[in-house]
Amino acid sequence: MSRPRGNILGAVLDRLLLANGPLAGAGELGLGDQIEEAVQARPHVAALLDGLADCFVELPGEAQDGILRGLEQQAPVPFGELVELAYNAYYTDRRVLEHLERVTGYPARPPQPEGYELGAFDEAVLGTIRGSGPLFRTV
Amino acid sequence: MGADTDVLVVGAGAAGAAVSARLSESGVRVVCLEQGDWVLPKTIPSGSPDWEIRRQTTHHPNPNVRRLPADYPINDSAADLKPLLYNAVGGSTIHWGAHFPRLRPSDFRVRTLDGVADDWPLDYDELAPYYDRNDEQVGVSGVAGDPGNPPRSPRQMPPVPLGRGGELLAAAFDRLGWHWWPADVAINTRPYGDGRRACNNCGPCDLGCPRGARSSADLVYWPRALRQGAVLRTHARVCEVTVDSRGRATGVLYFDAKGNVRRQRANVVVLACNAIGTPRLLLASASKRFPEGLANSSGLVGKNLMLHPVAMVTGLFDEPIDGYKGPFVTSLVCQEFYETDRARSFVRGYQMQLCRSNGPLGTALGGPYLPRIDWGTDHHRMFLEQFGHGASLAVTAEDLPDEGNCVTLDPTLVDADGIPAPAVRYRVGENTFAIIEHGISRATEAFAEAGANRVVAPGLIDSAFHLLGTARLGSDPRRSVVDAFGRTHDVPNLFVADSSLFVTGGAVNPASTVQALALRTADHILQTRRTVDVPA
């Protein structure tokens, strides 16, 4: 990735997915490198980033957000694709999932092979509805 | 018999598997041709860190997105809802949620009871023994005694866990005085079947089940059919049903894995390609004798497509309800508004099916449940408010048949073998919109009663989960494509045994009815095979 594009993409990612407690923003986590190839494969998304001036990276966060909101309004489809690429990378990143586990208890692993514990079905919950008469039309 | 096989089945999905197993059990020589392949457990991505990305790509339920070699393109540009299906051994049960309800008695008598659509040429009682037989094969988790449905045999296994979301909604339905019941589910809660283990509540059933707990047709029927001698040929894409000079089916032509055209002869041909694939094949089999397509003297092949429009209503709770735990779309159903009520602005009705929630990425991206979570300064706060805090009610509407909703052959689009692709035209009807509006309102009420702090209802989702009605059953050859047993009116040794048969759609997931009908058709073939008019 060329440095200017890489810097801009990293700065954009840091505004899309900000630092979260001890966890750095998506750009600082290095996710720009991860999605750069996918960005290149989508010329309309790459063009969005190329349209940002090099000085974007130097602007304050609020100013960056304003520019990005403008882009989102002007080009919702490619901007949406960029957001999806960012979310895909972020929410499958081990560091993010480990942070999520600490905050929510959601295990930082795929659903299989361990699965999850859930209490077995308890027929006592049927007490009220069992008392109903037939609720379907006879023919 | 002079043919290569007694019965040729096209399609190895829910129906084709059931037909093949039932016929081979009785010593009938069966060959099944399937354009897809086996889905191997090691390819199921639910144990992979990128499982939520694979859900959007290689394992997407829409073939136009997935675009695997076994898939054929569908021109859905004129369809309000985009058809979902899967091409493999097991068919669309490969990515299904395994919700396994039955139609109600009234579903078979819609014309008589409500003055719309048509009655089926069979009733619930005729199908009930086949539902039972199929349940025994599949293994159903649930509990008998649902006051919303006729009595049925004891379920093979106890219900899947309700989870916290299910408990909250069940209590809310009780307080509202509405029907609810644990769903019948084709997922093992105990070991059942050929080496199939119990569900471990991992969540994304749609990606496949490496434990074999979810009863897809490749696991339930095919091992038995193969043991009984049925022959299953994969990578075999059928392009034409062939007929002789007397108009009897003689077999099919198909492309093998190398693209060579092969012929398979048979005394009886059974189509089980789903309600898009079956009319596609019948229409593609037009000939001088059948210029409008095979078995299409009624002009109804491909027409009356029904898709079960669905709206998703999501409730968010203050407390975490761990919605990512448990089979993703099965726990309980509410059928309080299933039957016609003249006080409402629509006929027929809907089911509300409780769904659990997404993993982290699915939560952030949104989709059918909720909109995408906005980026920026509020993202992490909004994410934590939603992730693990939501449950959804899928409002599934009965979809009345409309001849304008149809499958035709696309004039230009073709699949990898050059076979014309299907084109789907589908518009959501006014009655359906009224049903959906009512359902969204009632689901919102249920979530409020359950204590949700926010309810979100994006409206009708643009996917079609169930494909129905394009070669429908009937006694009148002018008003139907096949008779009450699935035999085409025009070709005596050609049968249809899939979701195309549905005369009306009901408001429930169709798989158990599809398989019950398939077993009934197989029995009819067995009973009549000595007298059926077969090619010389």
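Being part of a loop (DSSP other than H, G, I, E, B) and within 24 Å of A:G27 (Cα to Cα), is that true of even one residue in the stretch B:380-399? Yes, because at least one residue in the stretch B:380-399 is part of a loop (DSSP other than H, G, I, E, B) and within 24 Å of A:G27 (Cα to Cα). The set of residues from the stretch B:320-350 being open to solvent by less than 20 Å² (accessible area, probe 1.4 Å), modelled with pLDDT of 95 or more and small (G, A, S) comprises B:G326, B:S331, B:G349. Across the stretch B:88-129, the number of residues qualifying as open to solvent by 30 Å² or more (accessible area, probe 1.4 Å) and of a type in the set (G, A, S) comes to 2.
Residues considered: B:L467, B:L494, B:L526, B:L460. Of these, the only one that is buried (at least 18 other Cβ atoms within 10 Å of the Cβ) and closer than 27 Å to B:V28 by Cβ is B:L494.
With the condition kept exactly as written, say whether any residue in the stretch B:21-38 is surrounded by fewer than 20 Cβ atoms within 10 Å (Cβ to Cβ) and within 14 Å of chain A (Cβ to nearest Cβ). Checked the stretch B:21-38: no residue is surrounded by fewer than 20 Cβ atoms within 10 Å (Cβ to Cβ) and within 14 Å of chain A (Cβ to nearest Cβ).
Just a yes or no: is a residue in the stretch A:22-30 without any contact (Cβ under 8 Å) to a residue 40 or more places away in the chain, of a type outside the set (D, E) and within 12 Å of another protein chain (Cβ to nearest Cβ)? Looking through the stretch A:22-30, at least one residue is without any contact (Cβ under 8 Å) to a residue 40 or more places away in the chain, of a type outside the set (D, E) and within 12 Å of another protein chain (Cβ to nearest Cβ). Those helices (runs of 4 or more DSSP H) of the stretch A:1-75 in which at least 2 residues are under 16 Å from the mean Cα position of the chain (by Cα) and of a type in the set (A, V, I, L, M, F, W, C), considering only elements entirely within it, cover A:3-16, A:31-40. Scanning the stretch B:73-87 for residues that are part of a loop (DSSP other than H, G, I, E, B) and farther than 14 Å from B:T408 by Cα, we see that the one that is most open to solvent (accessible area, probe 1.4 Å) is B:D80.
Residues in the stretch B:370-392 that are surrounded by fewer than 23 Cβ atoms within 10 Å (Cβ to Cβ), over 17 Å from B:F447 (Cα atoms) and modelled with pLDDT of 95 or more: B:R372, B:I373, B:D374, B:G376, B:T377, B:D378, B:H379, B:H380, B:R381, B:M382, B:F383, B:L384. Taking the numbered list (1) open to solvent by less than 80 Å² (accessible area, probe 1.4 Å); (2) at the interface with another protein chain (Cβ under 7 Å from one of its Cβ atoms) in turn, A:T138 passes all entries but (1). Within the stretch B:406-454, the set of residues being in a helix (DSSP H, G or I), of a type in the set (F, W, Y) and open to solvent by less than 10 Å² (accessible area, probe 1.4 Å) comprises just one member, B:F447. Name the residue that is farthest from the other protein chains (Cβ to nearest Cβ), counting only residues in the stretch A:115-135 that are over 29 Å from B:Y324 (Cβ atoms) and in a loop (DSSP other than H, G, I, E, B). Out of the qualifying residues, it is A:G131.
For first residues located in the stretch B:226-237 and within 13 Å of B:V31 (Cβ to Cβ) and hydroxyl-bearing (S, T, Y), partners that are modelled with pLDDT of 95 or more and assigned to a loop (DSSP other than H, G, I, E, B) and lie 6+ apart or on another chain with Cβ distances below 6 Å form the pairs B:T234/B:E34; B:T234/B:D37. Hey, does the stretch B:314-321 have a residue that's in contact (Cβ under 8 Å) with a residue 40 or more places away in the chain and within 27 Å of B:V140 (Cβ to Cβ)? Yes - at least one qualifying residue is present in the stretch B:314-321. Scan (1) surrounded by 20 or more Cβ atoms within 10 Å (Cβ to Cβ); (2) within 14 Å of chain A (Cβ to nearest Cβ) for the single condition B:A397 breaks and write down its number. B:A397 satisfies all of (1) surrounded by 20 or more Cβ atoms within 10 Å (Cβ to Cβ); (2) within 14 Å of chain A (Cβ to nearest Cβ) except (2). State the number of residues belonging to the stretch B:324-336 that are touching a helix residue (DSSP H, G or I) at 6+ places or on another chain (Cβ under 8 Å) and within 11 Å of chain A (Cβ to nearest Cβ). Going through the stretch B:324-336 one residue at a time, the tally reaches 8. Of all residues in the stretch B:30-44, those that are more than 22 Å from the chain's Cα centre (by Cα) and not in a strand (DSSP E or B) total 2. When residues in the stretch B:351-369 are screened for being more than 23 Å from the chain's Cα centre (by Cα), part of a loop (DSSP other than H, G, I, E, B) and either crowded, with 24+ Cβ neighbours inside 10 Å or at the interface with chain A (Cβ under 8 Å from one of its Cβ atoms) (or both), 1 of them pass. Scanning the stretch B:99-119 for residues that are under 30 Å from B:A230 (Cα atoms), more than 14 Å from every other protein chain (Cβ to nearest Cβ) and in contact with a helix residue (DSSP H, G or I) (Cβ under 6 Å, 6 or more places away or on another chain) yields one hit, B:F100. Across the stretch A:85-104, the number of residues qualifying as more than 8 Å from chain B (Cβ to nearest Cβ) and open to solvent by 40 Å² or more (accessible area, probe 1.4 Å) comes to 4. Taking the criterion of being in contact (Cβ under 8 Å) with a residue 40 or more places away in the chain and more than 8 Å from chain B (Cβ to nearest Cβ), the only residue of the stretch A:69-84 that qualifies is A:L82. The condition of being within 14 Å of chain A (Cβ to nearest Cβ), surrounded by fewer than 24 Cβ atoms within 10 Å (Cβ to Cβ), touching a Leu at 6+ places or on another chain (Cβ under 9 Å) and not acidic (D, E) holds for only one of B:P63, B:P49, B:P41, that being B:P49. Condition test on B:N267, is it assigned to a loop (DSSP other than H, G, I, E, B) and either free of Cβ contacts under 8 Å to residues at least 40 places away in the same chain or open to solvent by less than 10 Å² (accessible area, probe 1.4 Å) (or both)? So B:N267 does not fit the description; no.
Yes or no: B:G299 among the small types (G, A, S) and crowded, with 24+ Cβ neighbours inside 10 Å? Here the answer is no, as B:G299 does not meet what is asked.
Find the residue count for the stretch A:76-99, including only residues that are of a type outside the set (S, T, N, Q) and not in a helix (DSSP H, G or I). Here the count works out to 2.
Only one entry in B:R348, B:R342 is without any contact (Cβ under 8 Å) to a residue 12 or more places away in the chain, assigned to a loop (DSSP other than H, G, I, E, B) and within 14 Å of chain A (Cβ to nearest Cβ), namely B:R342. The C-beta contact set for the stretch B:435-458 (first residue on the phi > 0 side of the Ramachandran plot, second residue crowded, with 20+ Cβ neighbours inside 10 Å, distance under 7 angstrom, 6+ apart or interchain) comprises B:G451/B:L168; B:G451/B:F317. Here is a check on your reading of the model: is B:S500 within 23 Å of B:L81 (Cβ to Cβ), among the small types (G, A, S) and open to solvent by 20 Å² or more (accessible area, probe 1.4 Å)? No, not satisfied.
The values are calculated or read from the model by the stated rules, or taken from the named source; none is laboratory data. All values reported here derive from a predicted model rather than from experimental measurement. Neighbour counts run over all protein chains shown; Cβ positions are idealised from the backbone, glycine included. Ligands, DNA and RNA are excluded from the accessible area calculation, which covers all protein heavy atoms including side chains. Shrake-Rupley method; radii C 1.70, N 1.55, O 1.52, S 1.80 Å.
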